[in-house]
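We did not get these values from a lab; they are worked out from the coordinates using the rules stated. These figures come from a predicted structure and were not determined experimentally. Cβ placement follows ideal geometry from the backbone for every residue including glycine, while neighbour counts extend to all protein chains displayed.
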Amino acid sequence: MIKTDILIIGAGPTGLFTVFEAGLLKLKCHLIDALPQPGGQCSELYPKKPIYDIPGFPEILAGDLTSNLLEQGKQFQPGFTLGERAETIEKLEDRSFIVTTNKGTQHHAPIIAIAGGLGSFEPRKPQLENIEKYEDNGLAYFIKDPEVYRNKKVVIAGGGDSALDWSIFLADVASKVTLVHRRNEFRGALDSVERVQELKLINKINIITPAEITELHGENKIEGVSVTKNGETEFIEADEFIPLFGLSPKLGPIGNWGLEIEKNAIKVDTLDYQTNIPGIYAIGDVNTYEGKLKLILCGFHEATLMCQSAYKRLNPGKKFVLKYTTVSGINGFDGSRKESPKAVVKAIL
Ligand SMILES: Cc1cc2nc3c(=O)[nH]c(=O)nc-3n(C[C@H](O)[C@H](O)[C@H](O)COP(=O)(O)OP(=O)(O)OC[C@H]3O[C@@H](n4cnc5c(N)ncnc54)[C@H](O)[C@@H]3O)c2cc1C
């Protein structure tokens, strides 16, 4: 059982900034995310795009914003359960909660912060017979550890950035990479498209277009796929098949937690972004209230106020004094200390 003060569901920008704000109040956080890496929409949908409306950053790449948020929160030693979806919640008699993921990992916390954005990102699966049988048996919708593919025959399907980037990366890891796409044109960053073309010319990537995977083969695990092009079908030997057709967000199981939902978002009050269940907050893109804006900076604001409310709930009656970080400095949970130089009291003679 993982125990923490604030359990954050969703490691997007809002969830990551919550770690910092909670840390200032000496509250420890643990994050769950369905994706294998933190960053939410920023790292999954547009890591290489510049954002222009983050206060203090005239321009910052979404991927760099994620790295900075991780760096900012590191001193508060957050825990992560990645690649798992928060599935069920149970309220205990002492008002705390147990959240269990689809893989059975249990988390216990007195405060839940749902920072689930548009919902958990679920892979778009191709319509292929028996596809479930091969999931985790040579078929994966995410690449968690590229080493799994070392010296293997890999077939990737898809025509976007993920399919291109992973084909390029695995060209140096796998023994053979075949990229199958239903159109001749790929939709991705220009440099990735050009790099794939170069790798094709030196036989590092085999590209089959316009084509589709029409059948999966293998007794208990993937042993090959059928690829159909212009009505002709060929068998391609494969140890691993990776369909990368993008992700679709779904509010998913959180929608059944007894929370008040409006238009696929969780209703909160604007005092502290608490839901209709005391102790459960909803912040960032996942919540709704009058005047709501789905912007990163709004998520940061909501996370800050939510942490103050969580602190008061956990420390009833304790007086809280807001301190500027410039004045108080920061005491990391890792023993680190950041502080601005103290004023020097010295006579000037
Ligand atoms: C192309 C594009 C460009 C954008 N440009 C800007 C911009 O310029 N400026 C700006 O301010 N905003 C921009 N946005 C919006 C911005 O990305 C979002 O407002 C922001 O990502 C919201 O952050 P979040 O942390 O609330 O949610 P998200 O980033 O959506 O993260 C939520 C995370 O929660 C996880 N999750 C959800 N449910 C579960 C569950 N049950 N179990 C486990 N994990 C779960 C998801 O997997 C996801 O990783 C843009 C969005 C897009 C798509």
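Go through the stretch 263-279 and count every residue that is within 21 Å of the chain's Cα centre (by Cα) and surrounded by fewer than 23 Cβ atoms within 10 Å (Cβ to Cβ).
The first filter runs over the stretch 263-279 and keeps only residues within 21 Å of the chain's Cα centre (by Cα), leaving 264-266.
Okay, now just the ones that are also surrounded by fewer than 23 Cβ atoms within 10 Å (Cβ to Cβ), so 264-265.
Counting residues in the stretch 263-279 that are within 21 Å of the chain's Cα centre (by Cα) and surrounded by fewer than 23 Cβ atoms within 10 Å (Cβ to Cβ) gives 2.
Starting from residues that are more than 13 Å from Ile280 (Cα to Cα) and either in contact with a His (Cβ under 7 Å, 6 or more places away or on another chain) or in a loop (DSSP other than H, G, I, E, B) (or both), keep the ones in the stretch 93-104 and report whichever is nearest to the ligand (Cβ to nearest atom).
Asn102
Step by step: first the residues of the stretch 26-73, then only those that are small (Gly, Ala, Ser) and at positive phi, then the one that is farthest from the ligand (Cβ to nearest atom). Which residue is that? I'd like the intermediate steps shown before the answer.
Going residue by residue through the stretch 26-73, those that are small (Gly, Ala, Ser) are 34, 39-40, 43, 56, 62-63, 67, 73.
In the following step, the residues that additionally are at positive phi were identified as 39-40, 56.
Values: Gly39: 7, Gly40: 2, Gly56: 13 Å.
If we take residues in the stretch 26-73 being small (Gly, Ala, Ser) and at positive phi, then Gly56 is farthest from the ligand (Cβ to nearest atom).
Applying the selection to the stretch 155-193, what residues are among the aromatic types (Phe, Trp, Tyr) and either more than 13 Å from Ile143 (Cβ to Cβ) or assigned to a loop (DSSP other than H, G, I, E, B) (or both)? Explain how you work it out, then say what you get.
Let us first name the residues in the stretch 155-193 that are among the aromatic types (Phe, Trp, Tyr), namely 166, 169, 186.
Of everything in the stretch 155-193, just one residue is among the aromatic types (Phe, Trp, Tyr) and either more than 13 Å from Ile143 (Cβ to Cβ) or assigned to a loop (DSSP other than H, G, I, E, B) (or both), namely Phe186.
Could you go through the stretch 187-197 and let me know if any residue there is touching a strand residue (DSSP E or B) at 6+ places or on another chain (Cβ under 8 Å) and either of a type outside the set (Asp, Glu) or in contact (Cβ under 8 Å) with a residue 24 or more places away in the chain (or both). Even if it seems obvious, please write down each step before you answer.
Pass one, the stretch 187-197, residues touching a strand residue (DSSP E or B) at 6+ places or on another chain (Cβ under 8 Å): 196.
Now restrict to residues that are either of a type outside the set (Asp, Glu) or in contact (Cβ under 8 Å) with a residue 24 or more places away in the chain (or both): 196.
Within the stretch 187-197, one or more residues are touching a strand residue (DSSP E or B) at 6+ places or on another chain (Cβ under 8 Å) and either of a type outside the set (Asp, Glu) or in contact (Cβ under 8 Å) with a residue 24 or more places away in the chain (or both).
Find all pairs meeting these conditions: Cβ atoms under 7 angstrom apart; at least six residues apart or on different chains; first residue within the stretch 106-130 and closer than 25 Å to Glu215 by Cα; second residue among the polar types (S, T, N, Q).
The qualifying pairs are Glu122/Ser248; Arg124/Ser248.
Between residues in the stretch 274-300 that are at positive phi and residues that are surrounded by fewer than 21 Cβ atoms within 10 Å (Cβ to Cβ) and not basic (Lys, Arg), which pairs lie under 7 Å by C-beta distance while being six or more apart or on different chains?
Listed by first residue and then by second, the contacts come to Gly279/Phe97; Gly279/Pro110.
If a residue counts only when it is closer than 30 Å to Thr288 by Cβ, which strands (runs of 3 or more DSSP E) contained entirely in the stretch 194-278 have at least 2 such residues? Steps first, please.
Working: elements: 206-208, 211-217, 224-229, 232-237, 240-243, 247-250, 265-267.
Those strands (runs of 3 or more DSSP E) span 247-250, 265-267.
Give the residues of the stretch 92-115 that are crowded, with 19+ Cβ neighbours inside 10 Å and not polar (S, T, N, Q), sorted by residue number. Working first, answer last.
Restricting attention to the stretch 92-115, the residues satisfying the condition of being crowded, with 19+ Cβ neighbours inside 10 Å are 97, 99, 101, 107, 109-115.
Hits for the stretch 92-115 are Phe97, Val99, His107, Ala109, Pro110, Ile111, Ile112, Ala113, Ile114, Ala115.
So in the stretch 121-142, with the set limited to residues that are of a type in the set (A, V, I, L, M, F, W, C) and away from the ligand (no atom under 16 Å from the Cβ), which one is nearest to Trp166 (Cα to Cα)? First the steps, then the outcome.
Step one: of the stretch 121-142, the residues of a type in the set (A, V, I, L, M, F, W, C) are 121, 128, 131, 139-140, 142.
Pick out the ones that are also away from the ligand (no atom under 16 Å from the Cβ) and you get 128, 131, 139-140.
Details: Leu128: 22, Ile131: 21, Leu139: 15, Ala140: 13 Å.
Per the criteria, the residue is Ala140.
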